[in-house]
1. Return the residues of the stretch 162-177 that are under 20 Å from Arg250 (Cα atoms) and open to solvent by 50 Å² or more (accessible area, probe 1.4 Å); say none if nothing qualifies.
2. Given the condition under 20 Å from Pro101 (Cα atoms), polar (S, T, N, Q) and at pLDDT 90 or above, answer yes or no: does some residue in the stretch 157-165 qualify?
3. Here is a list of conditions, (1) open to solvent by less than 10 Å² (accessible area, probe 1.4 Å); (2) modelled with pLDDT of 90 or more, and Ile241 meets all of them except one; can you say which number that is?
4. Of the numbered conditions (1) surrounded by fewer than 19 Cβ atoms within 10 Å (Cβ to Cβ); (2) farther than 27 Å from Thr11 by Cβ; (3) within 17 Å of the chain's Cα centre (by Cα), Arg159 satisfies every one except a single condition; which is it?
5. In the stretch 194-221, what residues are within 18 Å of the chain's Cα centre (by Cα), surrounded by fewer than 21 Cβ atoms within 10 Å (Cβ to Cβ) and under 18 Å from Ile100 (Cβ atoms)?
6. Is it true that some residue in the stretch 137-150 is buried (at least 20 other Cβ atoms within 10 Å of the Cβ) and at pLDDT below 75?
7. Just give me the residues in the stretch 62-85 being under 25 Å from Gly166 (Cα atoms) and open to solvent by 20 Å² or more (accessible area, probe 1.4 Å), in sequence order.
8. Which of the residues spanning the stretch 244-254 are aliphatic (A, V, I, L, M) and either open to solvent by 60 Å² or more (accessible area, probe 1.4 Å) or over 14 Å from Val91 (Cβ atoms) (or both)?
Amino acid sequence: MSVWLPTSPCTPEACAGHEGDTASVPRAVLRLAAAVALILLGILGAPPVRLLPAGPRHAVVRAWSAALVRAFGIRITVHGSPGPGGGRLLVANHISWLDIPLVAAALPCRMLAKSDIRAWPVLGRLAGQAGTLFIERDRIRALPATVTAVTRALLAGDRVTVFPEGSTWCGRAQGTFRRAAFQAALDARVPVQPLRLTYLRCDGQPAGAPAFVGDDPLTASLWRIARARGVRAEVRLLPRIPPGRYAHRRDLAAAAQRAVAGSAATAAITTPLNPLPGIPAQPGTPSATDRDSANRPAASVHHWVSSSPAAASSLRTPS
């Protein structure tokens, strides 16, 4: 294991417990069965869906992703506006494997995920069919090729989501945003849109059940989420950072991290997103737009030391 890989102090014992009502065992089994059925449907339906025009294709992806999250009994609320189309780097805090369908339910996109996911039963195949970009996290020499692939996707007009913390956190704390993935946004000269993901209980406190941290097995996480009741997920699409506002990825990563952390200067909620049926959108006040003037970004230097792009799951390390 490489010492440069990001780690999180969160553990299942300390962070992933569920305080609140629980679903019965039969209900939990039904939830898991519904989720499996949706995943199989996604695998079978992916080839024809890819042939659809962008608008209908995105609508199908959003509906399917929202249905998958709901299958676990989790309600979804989306705040903010996605703005115009075009290439964009989406960056979000990372709590769970559920983050992937949750983001897709709000804003269809391609994901940057660790290469290990390719070997996951069923889910690995689905990720590949969805256009996921994979990164070999244990090979620092693979970073330039990964950033090049993300840059090409952005230049082609794709939205690409990364989790710059590089490891899952429980949601009560946040890791440092690694810088490498932000180089792709600078090279492609596209906006960066921060997203803040939150899982809450009925009382408004952070929900522990969705957290997928430390050495938590996937099967244990699936069962814990299926048994939890009263959990809701919130996606906040924060104001985009226009291309050129920051010339260096260090500053761009820091600005995105401040936005996701909820700083007063950059994390105001934007105008409501037109939601999927059953997903309420909440109003807010915009605080930044792409009309802001900025300097042209500097050319890429691809300095990789102490920088790591995100993965779509946690590095399993105890605190």
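The values are calculated or read from the model by the stated rules, or taken from the named source; none is laboratory data. Quick caveat: nothing in here was measured; it's all calculated off a predicted structure. Cβ coordinates were reconstructed from backbone atoms using ideal geometry, including for glycine residues, and neighbour counts include every protein chain displayed. Only protein heavy atoms, including side chains, enter the accessible area calculation; ligands, DNA and RNA are left aside. Shrake-Rupley method; radii C 1.70, N 1.55, O 1.52, S 1.80 Å.
1. Within the stretch 162-177, the subset under 20 Å from Arg250 (Cα atoms) is 162-167, 174-177.
Residues satisfying the conditions are Gln174, Thr176.
2. Filtering the stretch 157-165 for residues under 20 Å from Pro101 (Cα atoms) gives 158-165.
In the following step, the residues that additionally are polar (S, T, N, Q) were identified as 161.
Going one step further and asking which of them are at pLDDT 90 or above, we end up with 161.
For the stretch 157-165, residues under 20 Å from Pro101 (Cα atoms), polar (S, T, N, Q) and at pLDDT 90 or above: present.
3. For Ile241, the exception is condition (1).
4. With (1) surrounded by fewer than 19 Cβ atoms within 10 Å (Cβ to Cβ); (2) farther than 27 Å from Thr11 by Cβ; (3) within 17 Å of the chain's Cα centre (by Cα) applied to Arg159, the lone miss is (1).
5. Arg196, Thr198, Leu218, Ser221
6. Filtering the stretch 137-150 down to residues buried (at least 20 other Cβ atoms within 10 Å of the Cβ) leaves 137, 143, 146-147, 150.
Cutting the leftovers down to at pLDDT below 75 gives us 137.
Within the stretch 137-150, one or more residues are buried (at least 20 other Cβ atoms within 10 Å of the Cβ) and at pLDDT below 75.
7. Listed by number, the residues that qualify are Arg62, Pro82.
8. Ala247
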